[in-house]
Amino acid sequence: MAKAKAKGGAAAIYQRVTDTIVRLLEQGTVPWEKPWHAGGVQAPKNFQTDRTYEGINSLLLNCAQLENNFKTPYFLTFNQAAAVAGISPDLMKQVKDRKNTDVTPASVNHPLAGTKSCGFVMYPVITYRKPDGSQWKCKKDSSGRDIFPSTDEIKQHQLRKSIITKTTPVWNIDQMSYIPEKYQEMRKVGAYTPTITETKGEHDQRFEDVVQALISKNDIDINFISGDQAYYSPGPDHIVSPLPEQYKSREHYLQTVAHESMHWTGHPSRLERDMTGRFGSESYAFEELVAEIGAAYFCSHNGVQSFTQHAAYVESWLQVLKNDPQAIMKASKLAEKACDSLLMGVEPYLAQEKTKEERYSAERDALKQNYNNSNENQLER
């Protein structure tokens, strides 16, 4: 199969993301492995808002962390760095005004002056338009976010939905020439911490507690037997694992159970992923990619160092990614859903998703009717 080519827009963004992931995999580095040890911040965060990046953005910033050997997992945009440094929005407008060559990042003492962004994050821009082409003006919530029109409003005003994927460059705080004193403590919290101080007994019990909580919360059928294989079997819908004491470490134990549990979420009665692929096929490799990324997310959530257990899969992952620039986006999204369902408990998660799907289905029906009405009107003319 020939490698898919990106022409522009969203396709170009997906290709850029894929090229980043492929480059690291070909160098022998797995981007979804956490590049710092447990004890510090467990996932990339925004330095100004302290919000954790999720999904594909978390992967992208892991790539930036690995490629640049940053000591902290805090990132921010150019404008956020200006806000942290106390530079006013009005002054930043002058900096961005290319006609005004006297006001530059360096002249306003911007902490990122002279540096290049280390990566980027993706975000969707959602708009609704009226039949005349004008944009529907969304109301704002208390935090300034758009409140999208209800299904009734979509029907009443015959709105049409548009989603555009955009990117924005980001920098790591290690690239900043200075950080105001009030943020220094926050930077220390995010810095590399070698280990968690605990006895071996406490360490082992902590991991056992996480595994047992994962199994009991989701009612997973897992058989621990004296053997040398770990796998999920879709037919009987159960996991088989070696005995806990057979694992080389508690980290291997937790990640293996998490990995097989990610496969377990793909059963038709749960998240219903394609589990029919045979070893060596692209569909098999894609499902392994989902499980591996999902397990890394789960380990990261629980403060555990993640690692790739199956180096043989890397070549098959590379083939999948090179053939489909959107594969990493799809895999990351499915992995996030699998991880979220296990963390929340699969039953309440499915109930929540059903409610969302009913709401989205009503919206899709309304949007589809609007498109049909619009096409009929054009034909009448």
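Remarks
- Partners for Lys166 among lysines (Cα-Cα distance below 18 Å; same-chain residues under 8 apart left out): Lys7, Lys330, Lys333
- With the highest mean first, a sort of the peptides 202-214, 252-264 on other beta-carbon atoms found within 10 angstrom per residue produces 252-264, 202-214.
- Per-residue ³J(HN,Hα) for the range 268-273, Karplus 6.51 cos²θ - 1.76 cosθ + 1.60, θ = phi - 60°, Hz, x for Gly and Pro: x, 7, 10, 8, 6, 8
- Peptides 280-287, 72-79 ordered by average Cβ neighbours within 10 Å, highest first: 72-79, 280-287
- Each Cα pair under 8 Å and six or more residues apart adds its separation to the average, and for the chain the resulting relative contact order is 21 percent.
- Annotation: peptides 242-251, 137-146, 223-232, ranked by per-residue average of other Cβ atoms within 10 Å with the highest first, follow the order 242-251, 223-232, 137-146.
- Among beta bridges that DSSP assigns inside the chain, antiparallel share in %, nearest 5: 75
- GNM flexibility winner over the chain from Val17, Val240, Val320 (Cα, springs under 10 Å): Val240
- Choice from Ser241, Ser107, Ser216 with maximal GNM fluctuation in the chain (Cα, 10 Å cutoff): Ser107
- Additional length obtainable on full extension of the chain from Lys139 to Asp90, 0.36 nm per residue less Cα span: 15.1 nm
- Cα gyration tensor shape of the range 104-259, rounded if a/c is under 1.5, else prolate or oblate by comparing a/b with b/c: oblate
- Note on Arg364 and Glu315: the model spin-label points, each 7 Å out from Cα along the C-beta direction, lie 3.9 nm apart.
- CD proxy at 222 nm, helix term only [per DSSP H run n ≥ 4: -39500 (n - 2.57); per residue of the chain; nearest 500]: -15500 deg cm²/dmol
- Helical segments meeting 24 Å axial Cα length and Kyte-Doolittle -0.5 threshold in the chain (DSSP H): 9-26, 282-301, 327-344
- Ellipsoid fit via the Cα gyration tensor, the chain: semi-axes of 37, 32, 20 Å, each the root of five times an eigenvalue, largest first.
- Straight-line cross-link partners of Lys368 among the lysines, defined as a Cα under 23 Å from its Cα and at least 8 positions apart when in the same chain: Lys130, Lys137, Lys155, Lys161, Lys354, Lys356.
Throughout, read-outs are computed from the coordinates displayed, never taken from laboratory work. Source: prediction; values computed, not measured. Here Cβ is always computed from backbone atoms with ideal geometry, including for glycine, and neighbour counts include all displayed protein chains.
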